[in-house]
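Taking it in order: structure first as structure tokens, then the write-up.
The values are calculated or read from the model by the stated rules, or taken from the named source; none is laboratory data. Remember, it's a predicted structure, so these values are computed and weren't measured experimentally. As a convention, Cβ positions derive from the backbone with ideal geometry for all residues, glycine included, and neighbour counts pool all protein chains shown. Heavy atoms of the whole protein, side chains included, go into the accessibility calculation; ligands, DNA and RNA do not. Shrake-Rupley method; radii C 1.70, N 1.55, O 1.52, S 1.80 Å.
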Amino acid sequence: MSSASIDRPFLVFRKTRGNRFTLPVLLGCIEQEGLSGDFRILLCGSPEEMIQKRGMGQGVIAFSFMTPDLEQVRDEVEQLRKSLLGNFVYLAGGAHATGDPEGTLRLGFDFVFAGEGERTLPAFLRLFLSGRPLAENILRDGKEPSLSLSHPPHSLGHRLFAPLEITRGCLYHCAFCQTPRIFGHSLRHRCPENVSFYLKQAIPFGYRQSKFISPNAFSYGSRGGKSPHLEAMEELLATCSEAGMEGIHFGCFPSEVRPDWVNPEVLGLVKKYCRNRTVVLGAQSGSDSLLEKLGRGHTAGEALKAARWIHRAGFRPHVDFVFGFPGETLEDRKLSLGLIEEMIRELGAKIHAHTYMPLPMTPLFRDNPSVLDPATKEALLGWEKKRVLDGWWKEQEAIGWKIVEWRDQGVINCH
Ligand code: SF4
């Protein structure tokens, strides 16, 4: 190894299940900026691996995480600060850091990236290399985001590929959701030419199953109108097919679709170009009054109608429901359980159940979850046993109350 290689600082990313779609993008941006040769880049699945691979030296340790991981991240940073010899700076980014930058600094980080990191992380790394001190330790991208998404979605250098992010931002204001608070309310899409360019880069590495990241896949191409832009969607799907994708999956994990954007025409397009058997639908509740309080902008009836269209088009509806919203009554829950029962019986739907977790920066963050009643839990467990319901609702129930504790102890700030 040359002395130049030994002298290069480390850039160590903590790799988790939760950031598996983020790291390929960040590494891709670092490559695009020509910075990957300036660092010895490591991706580590545990603090032990970080210590073993990087017991001493100098450089940057980077975490990207969500609120439920807070405690583990705090413990790991503490462990690393005690065990890693040398001179490292600790960075945090991701949804939690964006929602509560000051609280994230207090977890033991030196710098926090609030908001989108595709430009701020490379800019920080350049400054780090130059040795110039930074005036701020909360870093935000001050520039207007460009109207379309064009950053690299993957890292060729590290052979790291993720589902392709096609849309950022959300037109809606659901009171429990961080997405529009992080990415704003205008929709930014990745144009078909850009999609084609990056898919063609990825295919030689065996990436042939294209999946997409979008808060509402059927909003692709829309600039604010509240119905699908069929021409834009068809152009995107045709582009993926022409680029050589063998299995296009659209409107399913890691995306979902809103009920009020589902219609037979848009489903016809998915049928024509895609391989997915399910469409993931965000219903969230069977109670119209609760949906209204949450600012969802659709009714339970629209969710049922969308699930019926999905079923008729030959897909299995995989429907998201959330239990335990603040102020959710037993009557609201009965309406949700009734709607679930109808979707399973009539449409063979699969349900993806969640328990509400308060997240920083959302309007509901100050309100406590409502306690799940035994009858609701029993119903969910019954469907789980019959394999018509999945999701992490039991784990989320416990985490939701943990977050309340952290909020009340001031570990997380209320903004
Ligand atoms: S839940 Fe979905 S529709 Fe509502 S604000 Fe979040 S991303 Fe938008």
Just in the stretch 193-261: which trypsin sites (Lys or Arg not before Pro) are loop by DSSP and have at most 15 other Cβ atoms within 10 Å? ARG208, ARG223, LYS226
Can you tell me the orientation of helix 330-347 relative to the chain, as the angle in degrees between its alpha-carbon axis and the longest Cα principal axis, to the nearest 10? 80 degrees
Helix-derived [θ] at 222 nm for the chain: sum -39500 (n - 2.57) over DSSP H runs of at least 4, divide by residue count, nearest 500? -11500 deg cm²/dmol
Surrounding net charge for SER210, when Lys and Arg each add one and Asp and Glu each subtract one, Cβ distance under 10 Å: +2
How high is the relative contact order of the stretch 193-287, in percent, counting Cα pairs under 8 Å that sit 6 or more residues apart? 32 percent
What percent of all Cα-Cα pairs in the chain falls in each 10 Å bin, counting up from 0? 4, 21, 29, 27, 15, 4, 0
Would you list which lysines come within 27 Å of LYS82, measuring only between C-alpha atoms, while excluding same-chain residues fewer than 8 positions from it? LYS15, LYS53, LYS402
Residue-span extension gain [LYS82 to HIS173] - 0.36 nm each, minus C-alpha spacing: 28.5 nm
Calculate how many DSSP beta bridges within the chain are antiparallel, expressed in % of all such bridges and rounded to the nearest 5. 5 percent
Give me the net charge of ARG119's neighbourhood, meaning all other residues with Cβ under 10 Å from the Cβ of ARG119; Lys, Arg count +1, Asp, Glu -1. -3
In vacuo Debye sum over C-alpha of the stretch 164-408, base-10 log of normalised intensity I(q)/I(0) at q = 0.07, 0.13, 0.14, 0.16 Å⁻¹, listed in q order, is -0.24, -0.82, -0.94, -1.17
Contact order relative to length for the stretch 160-249, counting C-alpha pairs under 8 Å separated by 6 or more residues, stands in percent at 33 percent
How long are the three semi-axes of the equivalent ellipsoid for the stretch 227-288, computed from the Cα gyration tensor as the root of 5 times each eigenvalue, in whole Å, largest first? 23, 13, 9
Near the amide H of VAL319, under 5 Å away, which other amide H atoms are found, from residues 5 or more places off or on another chain, if H is placed in the peptide plane? LEU281, LYS350, ILE351, HIS352
Amide proton proximity set for ALA62, modelled H, under 5 Å, gap of 5+: VAL12, PHE13, ARG14, LEU91
Treating only the Cβ atoms of Lys and Arg (+1) and Asp and Glu (-1) as charged, compute the dipole magnitude of the chain about its Cα centre; round to the nearest 20 debye. 840 debye
Pull up the cross-link candidates among the aspartates and glutamates for LYS271, meaning alpha carbon to alpha carbon under 18 Å and not fewer than 8 places away within one chain. GLU231, GLU234, GLU235, GLU242, GLU246, GLU256
When only alpha-carbon atoms are used, what values of Rg and Dmax, in angstrom, describe the stretch 8-140? 13.4, 35
Spelling out what I want: for every residue of the stretch 281-289, take phi, set θ = phi - 60°, compute 6.51 cos²θ - 1.76 cosθ + 1.60 (Karplus), and round to whole Hz; glycine and proline get x. 10, x, 8, 6, 7, x, 9, 4, 5
Once the in-chain neighbours fewer than 8 apart are removed, the lysines whose Cα is under 24 Å from LYS272 read LYS200, LYS211, LYS226, LYS305, LYS350
Any chance you could give the angle, 0 to 90 degrees and rounded to 10, that helix 120-130 forms with the longest Cα principal axis of the chain? 10 degrees
Test of understanding: given the chain, find the longest segment containing no GluC sites (Glu not before Pro) that are in a DSSP loop and have at most 14 other Cβ atoms within 10 Å. 247-415
Over the stretch 267-322, with every protein chain in place, what whole percent of the accessible area is carbon and sulfur at 1.4 Å, could you tell me? 48 percent
Suppose a student asked you for the relative contact order of the chain, using Cα pairs under 8 Å spaced at least 6 residues apart; what percent would you report? 12 percent
